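In what follows, a structure is listed as structure tokens, so that the remarks can point back to it.
Values in this text are rule-based calculations from the coordinates and carry no lab data. From a predicted model like this one, the values you see are computed outputs, not experimental measurements. FYI the Cβ positions are ideal-geometry reconstructions off the backbone, even for glycines, and counts take in every protein chain you see.
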Amino acid sequence: MDVLETHGLVIDVPGRAGGQPLDLRVAPGQCWGVLGPNGAGKTTLLHTLAGLRAPRGGEVRLAGEPLSRLGRRALARRLGVVFQAHHDDFPATVRETALIGRHPFLSPWQQEGPEELALAEAALARLELTHLADRELSTLSGGERQRVSLATVLTQSPQIWLADEPTNHLDLHHQVAIMSLLAEQAAQGRGVIMCLHDLNLAARWCDHLLLLYPDGQACWGPADVMLVPSALERLYGQPLTTAMVDGAPVFVPRR
Ligand SMILES: Nc1ncnc2c1ncn2[C@@H]1O[C@H](COP(=O)(O)OP(=O)(O)OP(=O)(O)O)[C@@H](O)[C@H]1O
């Protein structure tokens with residue numbers, strides 16, 4: 001069964017008249033990239049898939065169940081979200097923040113035990129954050145903070161990952177590490193949907209792509225079918241030069 005489906009989904013982008021209904025099917029093991037220029041609605045789509053924003057039409061289903069019928073706790077167990085804005089509302093260390101990933105699985109009065117701690121420590125190690133585990137979140141750099149967000153979702157271990165520009169703020173090594181992590185999560189039978197601005201990361205790591213145009217038009221499918229230079233040039237309004245490197249296409253903007 002698909003981990004996530006949309007049926008006639010029209011996202012609610014303020015000021016946009018129409019919008020092509022989206023009928024997406026994300027199967028276990030698939031890694032989807034959402035591409036589009038600034039303002040196309042990528043974040044709005046992720047918020048809609050996460051149940052944080054009502055669609056204008058249609059519906060989202062998780063493992064066949066309409067999102068609207070799932071309670072917040074059930075959603076928090078199934079969906080992991082890595083968003084762009086970081087809200088550090090209260091002081092917390094890196095370890096305490098990663099442990100938040102287990103909260104949907106604990107009763108309100110239940111303390112995190114050794115099992116939760118082991119999951120958090122493993123996630124911090126995977127994100128190369130062990131040396132920062134006792135640091136206050138507010139003292140971290142942008143890239144370190146981004147990796148803590150990913151470690152928190154890894155600790156949560158959801159069936160579906162929704163990630164808004166997960167490589168934001170990251171250096172090259174960590175961009176590759178994060179894309180590997182997300183592809184690995186998919187390979188383990190989860191569904192991954194991420195918004196990306198880097199076409200080359202998408203071409204190398206995503207097996208499915210959704211192209212979102214600023215007028216609400218969209219097309220989606222297997223990555224090798226979607227990575228057509230003319231379609232991408234139209235998407236970004238930017239001429240591109242294409243080359244093959246290590247068997248994957250590489251797109252370079254033309255000056
Ligand atoms: N609360 C709001 N009020 C008015 N306009 C909004 C609001 N939220 C989003 N928008 C507009 O909706 C459009 C889509 O925004 P969204 O953040 O989904 O785009 P995006 O594709 O993620 O862009 P980016 O690549 O810049 O992150 C934008 O034009 C944005 O200005």
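Summary table below
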{"quantity": "Residues of the stretch 135-163 with amide N under 19 Å of a point placed 7 Å along Cα→Cβ from L117", "calculated": "135-136, 152, 155-156"}
{"quantity": "Residue exposure sequence - D246, D164, D134 - by fewest surrounding Cβ within 10 Å", "calculated": "D246, D134, D164"}
{"quantity": "Candidates T93, T48, T155: whichever shows maximal mean-square fluctuation once the chain is modelled as a Gaussian network with Cα springs under 10 Å", "calculated": "T93"}
{"quantity": "Cut-off 14 Å between beta-carbons: net charge of the residues surrounding M194, Lys and Arg +1, Asp and Glu -1", "calculated": "-2"}
{"quantity": "Packing-based exposure ordering (other Cβ within 10 Å, fewest first) of L182, L232", "calculated": "L232, L182"}
{"quantity": "Principal axes of the stretch 7-87: Cα extent on each, largest first, Å", "calculated": "32, 30, 25"}
{"quantity": "DSSP beta bridges in the stretch 123-255 [antiparallel fraction, %, rounded to 5]", "calculated": "70"}
{"quantity": "Extension gain from R73 to T241, taking 0.36 nm per residue of separation minus the Cα-Cα distance", "calculated": "55.8 nm"}
{"quantity": "Q20/Q84 FRET efficiency (R0 25 Å; Cβ-Cβ; nearest 0.05)", "calculated": "0.55"}
{"quantity": "Beta bridges by DSSP in the chain, antiparallel share as percent, to the nearest 5", "calculated": "55"}
{"quantity": "Stretchable slack from R254 to T139, in nm (0.36 nm times residue separation minus alpha-carbon distance)", "calculated": "37.5 nm"}
{"quantity": "Local electrostatic count at H174 - Lys and Arg +1, Asp and Glu -1, tallied over other residues with Cβ under 9 Å", "calculated": "-1"}
{"quantity": "Order of H174, H197, H131 - criterion: other Cβ atoms within 10 Å of each residue's Cβ, fewest first", "calculated": "H131, H197, H174"}
{"quantity": "Percentage relative contact order, the stretch 70-207, counting C-alpha pairs under 8 Å, at least six apart", "calculated": "30"}
{"quantity": "For the stretch 215-255 and the stretch 36-115, distance of Cα centres in Å", "calculated": "30"}
{"quantity": "Full-stretch length increase - E233, E96 - with 0.36 nm per residue and alpha-carbon distance subtracted", "calculated": "44.9 nm"}
{"quantity": "Within a Gaussian network of the chain (alpha carbon springs, distance under 10 Å), most fluctuating of E96, E59, E115", "calculated": "E115"}
